[in-house]
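For reference, the structure is listed below as structure tokens.
The values are calculated or read from the model by the stated rules, or taken from the named source; none is laboratory data. Model, not experiment: these values are computed from the prediction. Cβ: placed from backbone, ideal geometry, glycine included. Neighbour counts: every protein chain shown.
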Amino acid sequence: MSNANFAKAVAFFFLEEHGDCAIAQGNSMVPFIRDGQTVALDRTIGPLRCGQCYFFYYQDRLLLHRLVYLGNGGLVFMGDNSDTIEIVEQANLIGRLGYNRGRLLGKVITAINRMYYILHRRFPLRIVCRVRKRLIKTALVLFAGTIP
């Protein structure tokens with residue numbers, strides 16, 4: 001069994017045993033999803049929408065990040081607090097985040113992430129990262145009522 005298939009088997013076992021819930025680890029989605037927070041998985045993916053959070057496999061890991069761009073070469077995902085992008089095939093999607101807290105906030109963060117995705121190739125990365133983090137912090141202050 002390959003490492004990717006093993007990772008998928010372990011993830012499916014974990015999700016089945018815990019009623020399609022997982023414990024978030026790491027800070028790539030902070031403050032929208034915090035380390036240690038329980039997140040629900042909705043296995044009905046439905047039509048893909050930018051700004052929505054999806055579970056997927058990437059480099060033998062199960063991740064939960066926000067869809068930033070629907071491209072011909074794959075789906076582009078990015079964590080709200082991460083400076084890296086993941087390009088994933090649709091076959092690696094497992095499901096989407098099982099609840100929606102603040103659709104407008106998600107759309108604003110998606111627009112900021114798209115800006116980052118475009119500008120990180122044209123400008124120094126540290127400047128683009130700094131601007132992106134400031135914009136996300138400002139959006140979170142404006143939408144404070146939609147965040148737990």
Return a yes/no flag: does segment 32-39 have any residue that is within 11 Å of the chain's Cα centre (by Cα), at pLDDT 75 or above and either β-branched (Val, Ile, Thr) or closer than 24 Å to ASN113 by Cβ (or both). yes
Please work out which residue is surrounded by the most Cβ atoms within 10 Å (Cβ to Cβ), limiting yourself to segment 101-120 and to residues that are of a type outside the set (A, V, I, L, M) and at pLDDT 75 or above. ASN113
Name the residues in segment 46-81 that are over 14 Å from the mean Cα position of the chain (by Cα) and surrounded by 12 or more Cβ atoms within 10 Å (Cβ to Cβ), would you? ASP60, GLY74
Flag if LEU125 is of a type in the set (A, V, I, L, M, F, W, C), under 18 Å from ILE136 (Cβ atoms), surrounded by fewer than 16 Cβ atoms within 10 Å (Cβ to Cβ) and in contact with an Asp or Glu (Cβ under 8 Å, 6 or more places away or on another chain): yes
Output the number of the condition that ILE87 fails; it satisfies all remaining conditions of (1) farther than 28 Å from ARG134 by Cα; (2) of a type in the set (A, V, I, L, M, F, W, C); (3) exposed (fewer than 13 other Cβ atoms within 10 Å of the Cβ); (4) at pLDDT 90 or above. (1)
